[in-house]
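Any read-out appearing in this document is the output of simple, stated calculations on the displayed coordinates, not a laboratory observation. From a predicted model like this one, the values you see are computed outputs, not experimental measurements. Ideal geometry is used to build each Cβ from the backbone, glycine not excepted, and the neighbour counts take in all protein chains shown.
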Amino acid sequence: MQNPFIAALKDFLSWKFLGLTLLPFLVTFLIFGAVWDLSDIQISLGSLTGVEWLDSALNWLLNFFVDVLGWVVIAALSTVTATMVIGFFTPYIVKEIHRRHYPHIEIEGGIGIFEYIWLLLRSLLKFLGVALLSLIFYFIPLLNYIAFHIPFYYLFSTLMTLDVGGEIYRAKELEEVIRKHRGKIYTTTLILYLITLIPFTGMLLQVYFVGVMAHLFFQLKGQ
């Protein structure tokens, strides 16, 4: 049984999948290019200090932290946005991987639209709950960076699992697979999420991420 990461990489490097790769990147780039412009953020401390050099130094420092925080937020949001965009192409990717590698595995139908919406809404509510709980750690150095990513990782993992697994399993069957193989699934999505922390990979590698999850779920189904 081939490693899902290696198997998905071979698929990803095919012309058919490389063509799909640009779509989530371009859509996400256009969305955030129109909404975000961090270069316009300015923080003035002129009213807080009378020493010009201190004002300049503090102004630069605060702008630096705002820019860093802004880029972290944009990176996380762009990854989630690209994950949602690739959801429209997930059925095609899953079917192609099934045709290429797992034709012997029967797909009895996926999650229905109403079941999907219900599971998605439930996941979004959990995401908001996790995000609110994470606020406790936002003012603690180092922990705040980890706390920031926890809710976004949860949402990323949930969307990937729901979109890909929902094309292969029925709702009850998917819940059972997640319960039985929780460690393997979460480890896989965690590795994928860590990859998204590299600039632009969250937008460029969505097709690869779907491929990894598809191979994983097909292999679990074939056991």
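Packing here is the average count of other Cβ atoms within 10 Å per residue, and on that basis the peptides 9-22, 87-100, 197-210, highest first, run 197-210, 87-100, 9-22. Given axes a ≥ b ≥ c from the Cα gyration tensor, I'd like to know whether segment 79-201 is rounded (a/c under 1.5), prolate (a/b larger than b/c) or oblate. Since a/c reaches 1.5 and a/b is larger than b/c, the shape of segment 79-201 is classed as prolate. The slack between LEU133 and MET1, meaning 0.36 nm per residue of separation minus the straight C-alpha distance, is 43.5 nm.
In this rough spin-label picture, where each label sits 7 Å from Cα along the Cβ direction, the ILE140-LYS16 distance is 4.9 nm.
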